[in-house]
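Any read-out appearing in this document is the output of simple, stated calculations on the displayed coordinates, not a laboratory observation. From a predicted model like this one, the values you see are computed outputs, not experimental measurements. A quick note on method: Cβ atoms are made from the backbone with ideal geometry, for glycine too, and the neighbour counts reach across all protein chains shown.
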């Protein structure tokens, strides 16, 4: 076989091998692109903590990462890019965030914000504080983050034309969030403590009712079990609900005033004289 023909054949074989290799590389890349496209379909980016972040610590890009969540399972209010965590100013963690926990807008401050009570409140809500003691505060077991019902016991006065006092206990609001006890608003605390003041998150209308209740009666709390969201059916309890016997189950009567004793009416008296001795005798009517 001529040398020229042999050289042409070798060159053709080499070019064929190169073409096959290039085709394999291209096909491999296409498969990777297709697999990546399929894996990203129906997902959204969510910023999560790449490491534990303590309460009050500023969010740093090194402490964050982006993961893909199924679109239907992505948490509401989650950040989608790391840049959002610092856009407009520094943002701080309102509570401790564990690794791989989504960074939600409710868990961090606004840009340039501070870690204070107002920053942790739900938009449109108010904070109201009332005096507490070992009884009203459920022996100190009411802590930030708990849910409580607010009750007031008061005297509504005489009822039904009867004299005396009528005491009732009303549920003013139920399932309220405890924002703080005294000056503590950290919802990760677990140690019970008897405090002098408890702050609740309420609506503007509830704030008015609770403030008025403190002036007319005794306000106390009922601690809810974790996860209990049920509304309370019975809103008012009267003395009649306690049962027992009495002149009137609805009314606690005050003691009737004693009548003043009538002065004794002087009776008739008779003097009897025997000799020189005179004796005085009372004669009953």
Point-to-point label distance, residue 13-residue 280, nm (Cα→Cβ direction, 7 Å offset): 16.4 nm
Among 26-32, 99-105, the order from most to least packed when residues are scored by Cβ within 10 Å on average: 99-105, 26-32
Show me 124-134, 71-81, 138-148 ranked by packing, highest mean number of other Cβ atoms within 10 Å first. 138-148, 124-134, 71-81
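Over region 43-115, what is the relative contact order in whole percent, taking alpha-carbon pairs under 8 Å and six or more residues apart? Walk me through the numbers before you get to the answer.
Details: 164 pairs, mean separation 29.2, N = 73.
40 percent.
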Using the alpha-carbon centroid of each, what span in Å lies between region 5-35 and region 84-159? 66 Å
Between residue 182 and residue 117, the two model label points (7 Å from Cα along the beta-carbon direction) sit apart by a distance in nm of 1.4 nm
If you average the sequence gap of Cα pairs under 8 Å that are 6 or more apart and divide by the length of region 119-242, what percent do you get for the contact order? 38 percent
Could you tell me the largest-minus-smallest coordinate of the C-alpha atoms of region 113-215 on each of the three principal axes, in descending order and whole angstroms? 58, 30, 19
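Which whole number in µm²/s is D for region 43-115 by Stokes-Einstein, with the Kirkwood Rh taken over Cα pairs at 4 °C and 1.567 mPa s?
It diffuses with D of about 109 µm²/s by this estimate.
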Note down the relative contact order for region 86-160 as a percent, whole number, built from C-alpha pairs under 8 angstrom at least six residues apart. 23 percent
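At R0 = 51 Å, how high is the FRET efficiency between residue 68 and residue 154 if r is their beta carbon distance? Nearest 0.05 is fine.
Efficiency computed from Cβ-Cβ geometry: 0.35.
Sorted by mean Cβ packing within 10 Å, highest first, what order do the peptides 52-61, 10-19 take?
52-61, 10-19
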